[in-house]
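As structure tokens, the structure follows; a few thoughts come after it.
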Amino acid sequence: MRRILRYVAGRLLLTIPMIFVLVSLIFVILRIMPGDPVSVMLGEHALPEYLAQKKHELGLDKPIAAQYLDYLGQLAKGDLGKSMNTEERVGPVILEKLPATLELTFFGLAVCLAIGIPLGVRAARRRRSGQDFGIRLYANVVYCIPVFWMGLMLQLIFSLWFGVFPIAGRTGSRVIVSDFDVTGLYVIDTLMHGDLEALGDVLWHLALPAITLGVTLSGIFVRLTRANMLDALKADYVLASRARGIAEGKVVYGHALKNALIPIVTMLGLQFSALLAGAILTETTFSWPGMGRLLLERIYNRDYPVIQGVIIIYALIVSVVSLIVDLLYAIIDPRVKL
Amino acid sequence: MPETAAASILEIDELSIAYPISIGTVRAVDRLSLSVRKGEVLGIVGESGCGKSTLGLSILKLLKAPGRITSGEIRFKGRDGIERDILAMGERELLSLRGRDIAMIFQSPLTSLDPLMSVRKHFIETMRAHESGISEKEAVARAGDILVDLGIDRSRLDEFPYQLSGGMRQRIMIGLGLILNPEILLADEPTTALDVIVEAGFTELLLKLKRQYDLTVLLISHNLGLVAEIADRIAVMYGGRLVELAPVGDIFDSPLHPYTRGLMDCVPNILLDQKELLAMPGSPPDLVDQGPGCPFAPRCPKAMEVCSSKDPALLERPGSGGLARSVACWLYEGEA
Amino acid sequence: MNGNKDAAGGTRAKYSPASGIARLIGAFSAGARRYRIEWWILVAGIAIVLFIAIMTAFPGFFTHYDPNDQNAGPQLTAPTLAHPFGTDNLQRDVAARVVYGAQTILGVAFAAALLSAIVGIPLGLISGFAGNWLDKLLSLVMDSVYSFPGLILAISFAAMLGPGVVNITLAVSVVYIPTYFRLVRGQTLQIKQELYVEAAGAIGARRSTILAKYVFPNVIATVVVVFSLNIADAIMTEAALSYIGLGLPAGVPDWGMDLSMGKKFLPSGVWWMITYPGLMIMILALGFTMLGEGLSEILNPRLQEY
């Protein structure tokens, strides 16, 4: 157990350089670029004295290097700063929106895998058949569908024309969120609260956004699964298992797929970034109150601290996911030692 | 072993296997007929590409597309005395046959075990596939017993393939093959991937197990030396066909088919003062759309005109010890 | 990628332009003879790209409306013969916006891909070849950017740079620089170890010569494939950026922007404003993807999966 903890700690430490690079990049460019937050805040017609004063207050008149070092020092203390617009602390602001994004991304991933892996297995088992080509066609086409367009079309068809799903939002008007809100992850919250009606409403609202996200990214997993399954099915242990009279189903799913999952799980880490990116567009389309929309709002206002904070959180999420993937890898494959 | 006492346990009858590829059809096995006697060790030898491995796979109907069995029957007569054509069996029957009546072990122990499963899981899975009600305790006990028989410590059950040596993995494969007490053990190039020292132990082990489990063994190999050590009879394949079948002594002392003779000549003899290594001229036959005639004709030092135009039939000849032998060669046509 | 293992260290790289074209033509006709599905994919890809290219070059062929003309027809009408894709809320002809929008999106995507390649490839070559602290530093930066959700970076850059065609091109291109960097660096590292490069060094060829003559040509084939796939990706990114509103000024017809406008009218049942621009994005991205995949099959054919 201790070895695992040490491994985790070591990995988390490794994420620091990555975050460092990203934050520095954003920090510098934010400040070099034209357009400054103070004018946005006070309006274009504000008097120069006020502008200067506000600038001084926010520390924006110091040289960039100094601002940079200040920020780094701040980060080291775990302080993400205060929003320039609203004076709120950045941390809580982001934390409020984080669960929505996490929930959406998680369910999107679930849909993605639920579609991608079985289709990939089927295509591999019946390679060069009509089904195989059809599935590969699906994978290629779906990859090229813009996430937001998919969302819009689903809204058009299923919300507008068929009226089966809600068009936007996380919850309906009849559900009072504050009744069950604990973690911000509504599916868990409603379950914990025992409120099945609210759970139904939450899932109903999750449906279209999760499907949007999941389907567009499933193409990659179909191809990945298919390729790895083809390799796995050629393996000697597959033939040896069949020779011992093991049923085909067990051979394919118990042996081949399990082995094929290893490289798939590895890819999961990278694909999670694509999921996060897609989530932003999905949030915009479905008016989902997550970090993506927060980022977009604050970008218009040039709210530096929030923008930087959001980027840091995204980087952290990517790192944690990558870490989880590696741990999963070690669990599945006995050859891997942490 | 007197011929009358041994009954036939497996009969391959006019088996033909083809692979359609983009430039034609490869006839991997061509009208092969062979009778395997109960309790014998039959060696099937030939060079790479002669079709012996394809033959082996087809016995358990493990051939995968695009390979197709185009004709023939493989009749198996087990302990129950009923003779069934394996090639006509349905899925359920096949699953029962594989592993329980006929077991097959393969060339590459390195990759023939699922790297994600422990040894004990392999055994439990195999046993549960055939005796679904078996308890884990009993399964593990039996697995442990057979490991001991094979000279492996029981504690190894909890290890994973990557922790075992090649020789050990091969023995585990054998264990998995024998755990259900099959009647026939089919070994396809079992020692090719192992070093010679391990190989030496293998033949000893195989003979011991054969006695212990009352097995009939089909040993497929391109290694004549290995086969010579334990086989009772040897079947020589070339170009997808059976060219000679004889008791092991006859094959080495008086090979009839020119190809077999060539094989014997090729093996360097440490006792002789050889200046040169002999080899057979020419290269293996192109199996795509073979024309009529003997496949060895282009390379045969004794080739006659008829050899390139008509297929030789399999002729019976008297062998040593009153046993029968057969050879497919025009040289012996017409001899009584 | 195979290097050319010529006996005496090799004097000709495998993929000179002339031989490359010859191989392409040869593979093309061979594929045609066999009617393999991968060949059809390449053909489809080329067809789509060609079609869009023609549409970009000769928009007048396809529509006689001006995409910015706010008097083209009545407001928000569904598709009719006069307006095959309908009209939008500013009384503009949607079909015209679709046709002219191709110029925008293709231009930006192509330019961005080109820019990424121009920056990423040399950096990859240098980094892979140098192999010292420079390599480690560049790799760290590139890997950090690569593993981070690209769109978020593009959004940040686009937001900071402000609207404008040039700016959005820059924003999109930043995301793909690591792709080329990693690809080229990997290939360089591999080729660096090949014997003929060692041999060339032994006879005193300058490092830049080695790079240009041996390393570079072998890398080019893979780069071409990646370039095509890159364009497909860049198309999607550009559309995403303008969908969010970070893209182009109002006067430029852009599919992504049209989608975001159409979104507002969706609840009222206006389906034509979002359907067609989105469909075009997908078709264009598909075209380049198929082109890239088809090329990949020809240049690096996978072994038959039997």
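Observations, loosely collected:
- Taking each residue of region B:148-170 that is more than 14 Å from every other protein chain (Cβ to nearest Cβ) and surrounded by fewer than 19 Cβ atoms within 10 Å (Cβ to Cβ) and looking for partners that are assigned to a loop (DSSP other than H, G, I, E, B) and polar (S, T, N, Q) with beta-carbon atoms closer than 8 Å, six or more apart or interchain, yields nothing.
- Just one of the numbered conditions (1) more than 10 Å from chain A (Cβ to nearest Cβ); (2) under 30 Å from residue B:141 (Cβ atoms); (3) among the hydrophobic types (A, V, I, L, M, F, W, C); (4) without any contact (Cβ under 8 Å) to a residue 40 or more places away in the chain is not true of residue B:119: (4).
- For region C:107-152, the candidate set comprises residues that are in contact (Cβ under 8 Å) with a residue 12 or more places away in the chain and facing chain A (nearest Cβ under 8 Å); within that set, the residue that is surrounded by the fewest Cβ atoms within 10 Å (Cβ to Cβ) is C:143.
- Failed criterion for residue C:272 (all others in (1) away from every other protein chain (no Cβ under 11 Å); (2) over 17 Å from residue A:145 (Cβ atoms) hold): (1)
- Qualifying positions in region A:243-270 - crowded, with 19+ Cβ neighbours inside 10 Å and not aliphatic (A, V, I, L, M): A:244, A:245, A:255, A:259, A:269
- Residue in region B:310-325 that is closer than 21 Å to residue B:240 by Cβ, touching a Pro at 6+ places or on another chain (Cβ under 8 Å) and among the small types (Gly, Ala, Ser) present: no
- Residue in region A:8-22 that is at pLDDT 70 or above, away from chain C (no Cβ under 13 Å), part of a helix (DSSP H, G or I) and farther than 24 Å from residue A:314 by Cβ present: no
Listed here are the residues, each with its yes/no results for (1) among the β-branched types (Val, Ile, Thr); (2) assigned to a helix (DSSP H, G or I); (3) closer than 25 Å to residue B:101 by Cβ; (4) out of contact with any helix residue (DSSP H, G or I) (no Cβ under 9 Å at 6 or more places or on another chain).
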{"site": "B:185", "(1), (2), (3), (4)": "no, no, yes, no"}
{"site": "B:201", "(1), (2), (3), (4)": "no, yes, no, no"}
{"site": "B:208", "(1), (2), (3), (4)": "no, yes, yes, no"}
{"site": "B:227", "(1), (2), (3), (4)": "yes, yes, yes, no"}
{"site": "B:235", "(1), (2), (3), (4)": "no, no, yes, no"}
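- Filtered residue count, region A:193-221, keeping only those that are over 16 Å from the mean Cα position of the chain (by Cα), within 14 Å of chain C (Cβ to nearest Cβ) and aliphatic (A, V, I, L, M): 1
- Test: residue in region B:62-70 that is within 8 Å of chain A (Cβ to nearest Cβ), assigned to a loop (DSSP other than H, G, I, E, B) and in contact (Cβ under 8 Å) with a residue 12 or more places away in the chain: yes
- Residues that are within 14 Å of another protein chain (Cβ to nearest Cβ) and either surrounded by fewer than 20 Cβ atoms within 10 Å (Cβ to Cβ) or not in a loop (DSSP other than H, G, I, E, B) (or both) within region B:37-61 comprise B:53, B:54, B:56, B:57, B:58, B:59, B:61, listed in sequence order.
- Test for residue A:157: is it out of contact with any strand residue (DSSP E or B) (no Cβ under 7 Å at 6 or more places or on another chain), of a type outside the set (Phe, Trp, Tyr) and buried (at least 18 other Cβ atoms within 10 Å of the Cβ): no
- Of B:92, B:79, B:128, B:75, all but one fail to be without any contact (Cβ under 8 Å) to a residue 24 or more places away in the chain, farther than 26 Å from residue A:127 by Cα and surrounded by fewer than 19 Cβ atoms within 10 Å (Cβ to Cβ); the exception is B:128.
- Residues of region A:282-310 classified as modelled with pLDDT under 85, facing another protein chain (nearest Cβ under 8 Å) and within 19 Å of residue A:19 (Cα to Cα), total: 1
Every residue, every condition in (1) without any contact (Cβ under 8 Å) to a residue 12 or more places away in the chain; (2) of a type in the set (Val, Ile, Thr); (3) buried (at least 17 other Cβ atoms within 10 Å of the Cβ); (4) within 11 Å of chain C (Cβ to nearest Cβ), yes or no:
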position: A:111; (1), (2), (3), (4): no, yes, yes, no
position: A:116; (1), (2), (3), (4): no, no, yes, no
position: A:119; (1), (2), (3), (4): no, no, yes, no
position: A:123; (1), (2), (3), (4): no, no, yes, no
position: A:127; (1), (2), (3), (4): no, no, yes, yes
position: A:133; (1), (2), (3), (4): yes, no, no, yes
position: A:139; (1), (2), (3), (4): no, no, yes, yes
position: A:152; (1), (2), (3), (4): no, no, yes, yes
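- Just one of the listed residues (B:240, B:262) is crowded, with 16+ Cβ neighbours inside 10 Å, touching a strand residue (DSSP E or B) at 6+ places or on another chain (Cβ under 8 Å) and either more than 12 Å from residue B:45 (Cβ to Cβ) or among the acidic types (Asp, Glu) (or both), namely B:240.
- Matching residues in region B:244-271 - criterion: being in contact with a Ser or Thr (Cβ under 7 Å, 6 or more places away or on another chain) and in contact (Cβ under 8 Å) with a residue 60 or more places away in the chain: B:244, B:245, B:247, B:249, B:250
- The set of residues in region A:229-281 that are aromatic (Phe, Trp, Tyr) and within 14 Å of chain C (Cβ to nearest Cβ) contains only A:272.
- For region A:326-334, the criterion of being part of a loop (DSSP other than H, G, I, E, B) and closer than 26 Å to residue A:25 by Cα is met by no residue.
- Hits in region A:160-194 - residues which are of a type in the set (Val, Ile, Thr) and exposed (fewer than 15 other Cβ atoms within 10 Å of the Cβ): A:164, A:176, A:177, A:182, A:183
The values are calculated or read from the model by the stated rules, or taken from the named source; none is laboratory data. Keep in mind that this is a model prediction, so the values were computed, not measured. Here Cβ is always computed from backbone atoms with ideal geometry, including for glycine, and neighbour counts include all displayed protein chains.
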